[in-house]
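Just so it is clear, none of the values below were taken in a lab; they were calculated from the coordinates. Small disclaimer: the values here were computed from a predicted structure and weren't measured. Note that each Cβ is placed from the backbone with ideal geometry, even for glycine, and that neighbours are counted across all protein chains shown.
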Amino acid sequence: MNEILIDTIKSEELKSHGYTRFHLLDNESIASLIDFYLQFKTEIPDRFYATSHSENIDFRIKCSDVIKQAVEKNSSTILKDYKILGGAFLIKPANTASVLEPHQDWNLVDEEKERSFNIWIPLQDVNEENGTIYLLPGSHSRFNTFRGPKIPSPFLKIEKQIWQYLTPLTMRAGEALIYDHGLIHGSGANLTQKERLGVVLGVIHKHTKMQILGLKYDSIKSFECDENYFLKQNIESDFIKLKEKNVLTSSILQFSFQEFMDLYINPVQVASEEKSFVEPYKRTFFETYTLRNIIAEIKYRFSKKETVTATQKRENSSKANLTRKDVAKFYNEQTSNFLNVYGSVIQAFRTKNISTLLDYQINAIGLNSGTKALDAGCGVCGPAVYFAKKLNCQIEAITISSQQVELAKTKIKEEGLSNHINVKEGDYHTLEKYYPENTFDVVYFLESFGHASNHEQVLHSVWQVLKPGGSVYIKDLFIKKAPYKSLENDIEREIKNINSAYHYNVPDLNTILDSARKKGFILSSLKTIDIPLEDFENLTISNDFQNLTGINKIDNLREYVFPVDFFELKLMKPNYNDQLGNSRYFLQNMYLMQIENWKERDL
């Protein structure tokens, strides 16, 4: 494998970790690049933006030329035998939810033979507040994936869960990060008052041939390519005009979370001193697995033991809280804007007269005067106040936003409902920390379930605090199933936009159902919301919010693909009782007796 770094230590770091760092740009070069961008920029972005996406080809080329010139002026002591593929400015506007979810960059070479890299250089100091990069060290060498235009990310369904394993980098202006295109990475939102500006360049060894992969006619193919493609073509679609090399596969890879863990976090170690990279399609069985490794694999598969150290567990737990803190920060900053547009009922799928929706939800949830209910992700308690006033019921409410808690407490006190509603700040991933077991008759989520970083963990937590025989009601948006294949990438793109803009994790319906049934919940109902169409608000209120805040603003409705379906899902925690053998749960109980080897006395 050809090398492009002069420093042998950093070259080894790049091989083993997938990245390394070095100082590259001096203050004069930084100032010159910033001045150029500010002088010639052609667009004012309201979300993450790269000049390589500009429709102005001349502007793209000018940006690339000035970046290459600045880097090559300072790179003679760092790089060797390299070829720059082009450069672009990367901009994260101030105060935007411009998150880039965990991903790998496109294949630009045959990764079974060579590697390609990015050089990312912030033009001001970067940290977790203004959108620095997060990395999963070593992930570039775990598994060879196919990546390119129209090819869905293999991590699409588990992006939110991956964040807890990524490491943020704090970097100084002018410091360069060179990383392998196969390295899993992402970047956080810019939550500061200042635009975050950086540059990026692609780089390969000078003797390496480029290629690009793309999804064409339901097959992933490789195409001949050079650096001009990224400067002069529409990089998302014009690959189909390039000369085809090979058909690679017709399968679209989508990792489950367990597969991700097995491959990237807790892999069985392969004993090999000759090769630094795992090349799963090249090695014979016995080159990869020694007898010792086969035994280790068998033990791992049967025991499912956790191989993370106690220190790593603490670190992972801390990182898991990052996305939840992001949700809290988002609502602490945006709740006043939500109230200005939505009022106290912060739900996007709503009726013209909000009382119509809330009355419907009383019946759908199953609330009555004797109900002990938990409003999970309660916002400012607009629905809870309505329910308590109308039914005289008892409601506990929890939100991760301190700002919402204070506003809710004020509203509850003004309405004279302090004896009926108790609101607290907390995380609904761990409800058992705040409430005793078997406390609630019903737990409901009104467009709040989608903020979960781990939906399965939330269902487990709900199970803990729900009484046997109690129910869970979820009204939320779920990933739309594309009616035909050509829409899949459009839906994927818009789901990413929603997740990034609103710190959301739009759930996949089938995955949620699988998790619920695995936990033991019984599916009571799954349906669309049964309110006459003429009563619904036509989403102009969501457009008003986007216009007010600039968050996920839709500029061209004619081309917009609506990426979600709204459903209401109701689950029940079974009340197993051998005196109720003739109840509606009897067959369910008999089924569990068979698969779990339960005895009658256990029911």
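How charged is the neighbourhood of GLU159? Take every other residue with its Cβ under 10 Å from the Cβ of GLU159, and add Lys/Arg as +1 and Asp/Glu as -1.
+2
Amide H neighbours of LEU5 under 5 Å, at least 5 residues apart or on other chains, H built in the peptide plane: list them.
Sorted by chain and number, the residues that satisfy this are LYS80.
Counting Lys +1, Arg +1, Asp -1, Glu -1, what net charge surrounds ILE9 among other residues with beta carbon under 13 Å of its beta carbon?
Net charge around ILE9: -1.
Suppose we look only past 27 Å in the calculated P(r) of the range 313-572. What percent of the Cα-Cα pairs does that tail hold?
35
Within the set of other residues whose C-beta is less than 14 Å from the C-beta of SER32, count the net charge using Lys and Arg as +1 and Asp and Glu as -1.
Residues close to SER32 contribute a combined charge of -2.
Want the number for GLN258 to ILE6: 0.36 nm per residue separation, take away the alpha-carbon distance, what's left?
Length difference between fully extended and current span is 86.8 nm.
Of LYS160/LYS216; LYS73/LYS232; LYS10/LYS325; LYS157/LYS241, which pairs sit farther than 32 Å apart, going by alpha carbon to alpha carbon?
With Cα atoms farther than 32 Å apart: LYS10/LYS325.
Do the alpha carbons of any pairs in LYS411/LYS481; LYS424/LYS573; LYS41/LYS480 sit beyond 30 Å of each other, and which pairs?
Too far apart for the 30 Å limit: LYS411/LYS481; LYS41/LYS480.
Counting other Cβ atoms within 10 Å, which chymotrypsin sites (Phe, Trp or Tyr not before Pro) in the range 200-272 have at most 14 and lie in a DSSP loop?
Listed in order of number, the matching sites are TYR217.
Quick one: VAL99, VAL561, fewest Cβ neighbours within 10 Å first, how do they rank?
Ordered by Cβ neighbours within 10 Å, fewest first: VAL561, VAL99.
What is the packing order of peptides 23-30, 184-191, taking the mean over residues of other C-beta atoms within 10 Å and listing the highest first?
184-191, 23-30
Simple spin-label model, 7 Å along Cα-to-Cβ: SER32 to GLU227 in nm?
About 1.7 nm separates the two model spin labels.
In nm, to one decimal, how far is the SER251 label point from the PHE59 one, both placed 7 Å along Cα→Cβ?
4.3
So if I place +1 on the C-beta of Lys and Arg and -1 on the C-beta of Asp and Glu, and nothing else carries charge, what would the dipole magnitude of the range 419-471 be about its Cα centre? I want it in debye, nearest 20.
100
Starting at the first residue of the range 57-64, write each ³J(HN,Hα) from the Karplus equation 6.51 cos²θ - 1.76 cosθ + 1.60 with θ = phi - 60°, in whole Hz, x for Gly and Pro.
Taking θ as phi minus 60°, the curve returns 4, 4, 5, 4, 5, 4, 4, 4 Hz for the range 57-64.
Could you please state, rounded to a whole Å, how far the C-alpha centre of the range 480-535 is from the C-alpha centre of the range 115-149?
Distance between centres, Cα-based: 29 Å.
Work out the FRET efficiency for SER16 and LYS113 from their Cβ-Cβ distance, taking R0 = 25 Å, and round it to the nearest 0.05.
That pair, SER16 with LYS113, gives E of 0.85.
Tell me the label-point distance for the pair ASP514, ASN340, using the 7 Å Cα-to-Cβ offset, in nm and rounded to one decimal.
According to this spin-label approximation, the distance is 4.3 nm.
Whose amide H sits under 5 Å from the amide H of VAL564, counting only residues 5 or more places off or on another chain, with H placed in the peptide plane?
Long-range HN contacts for VAL564: LYS480.
Mind listing the phi-derived Karplus ³J(HN,Hα) values for the range 153-159, rounded to whole Hz, using 6.51, -1.76 and 1.60 with θ = phi - 60°, and x for any glycine or proline?
4, x, 9, 3, 7, 10, 3
Calculate, in whole percent, how much of the Cα-Cα pair population of the range 84-142 lies beyond 13 Å.
Of all Cα-Cα distances in the range 84-142, 73 percent exceed 13 Å.
Using amide H atoms built in the peptide plane, which far-off residues or other-chain residues are under 5 Å from LYS245 H to H?
It is SER222, PHE223, GLU224, by chain and number.
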